[in-house]
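Here the structure is laid out as structure tokens; the discussion comes afterwards.
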Amino acid sequence: MSNLVPVFYQLLTNFEASQLSCGVILVACKNLSKEWLETIKRDFASKESPTFEAHYAYDKTKNMLGILVEQQKLADTHFFALRIKDYLAERQLLSGSLLIASFPESSPSSGQLIMRMMQEMKELDRYGEIKIYEQLSGSSGMEQATILLVNHDEHVNEFLRIYLERKGYLVTVAHDGMDGMEKYRELTPDLVITDLNLPILNGYQLMEKIKHQETAAMSKIVVLTDKRLEEDVQKSFALGASDYITKPFSPIELEARVRRLIS
């Protein structure tokens, strides 16, 4: 089964480029087989008009069904979600909540919409509840910025994750370079904080791969490391780093630099 994040990210990007609207539905459900997914597609296709088109993807690692409905506003998406909920509940496939949104009504940025919805789904636990995704905002009215933190030190990861989340950022953690690259492709975060001493793929290799990703806007990169040699600093900036911070570090200073880069 495909991971719905990259599938929907590509679809949403295409809709944004074409200036088309679409509805998004995420559903917590029991483990769906390929046969069940095809049955759901077929049953709803037979009930809709020929012009209605929906895309389905199931993430078996998160037990989450994603549905993207073309050229539907939030009200229409909500109505379709009610039918999806009843259908899954009747067949004992529903296991939790539903979260719905519509692009561009719910968010002006299609690239981050699905990832932020996935984050919010983790907080929902009421069976059968349909929640409307609301754009998170701060005093500036901007959406929460997303940060990918790549570090093999679990203590650093936990400390920075809690600190940055309290400052209003959405933080995803990766423990090695390969994991970091996979999550980067899934999330396309606003900013990456990476160490240079990473297992599997080191920080230089990670930055090199990010540099060659075909995205609308490359994420800002902050290097956080104990390497102090001038050659390490120069190589990091040559690979696309926007800032270079050495350990030990001040979390207040780091957050100030992060805020400056994102703003």
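Here are a few things to note about the model shown:
- Test: D190 is surrounded by fewer than 18 Cβ atoms within 10 Å (Cβ to Cβ) and either at pLDDT 95 or above or of a type outside the set (K, R) (or both): no
- Any strands (runs of 3 or more DSSP E) falling wholly within the range 1-97 and containing at least 2 residues that are closer than 17 Å to M118 by Cβ and among the aliphatic types (A, V, I, L, M): 22-29, 64-70
- Qualifying residues in the range 85-97 (those that are aliphatic (A, V, I, L, M) and either closer than 20 Å to S21 by Cα or in contact with a Gly (Cβ under 7 Å, 6 or more places away or on another chain) (or both)) - the one least open to solvent (accessible area, probe 1.4 Å): L94
- Against the conditions (1) at pLDDT 90 or above; (2) of a type in the set (V, I, T); (3) more than 23 Å from N14 (Cα to Cα), I210 satisfies every one except (3).
- Top-ranked residue of the range 1-33 - restricted to ones that are open to solvent by 30 Å² or more (accessible area, probe 1.4 Å) and among the hydrophobic types (A, V, I, L, M, F, W, C), ranked as farthest from the chain's Cα centre (by Cα): L20
- Residue in the range 34-45 that is out of contact with any Phe, Trp or Tyr (no Cβ under 8 Å at 6 or more places or on another chain), surrounded by fewer than 16 Cβ atoms within 10 Å (Cβ to Cβ) and acidic (D, E) present: yes
- Looking only at the range 156-187, and only at residues there that are touching a helix residue (DSSP H, G or I) at 6+ places or on another chain (Cβ under 6 Å) and among the small types (G, A, S), the one that is surrounded by the most Cβ atoms within 10 Å (Cβ to Cβ): G180
The values are calculated or read from the model by the stated rules, or taken from the named source; none is laboratory data. Just so it is clear, the structure is predicted and the values come from calculations on it, not from any experiment. A quick note on method: Cβ atoms are made from the backbone with ideal geometry, for glycine too, and the neighbour counts reach across all protein chains shown. Heads up: the accessible areas ignore ligands, DNA and RNA and are worked out on the full protein's heavy atoms, side chains in. Shrake-Rupley method; radii C 1.70, N 1.55, O 1.52, S 1.80 Å.
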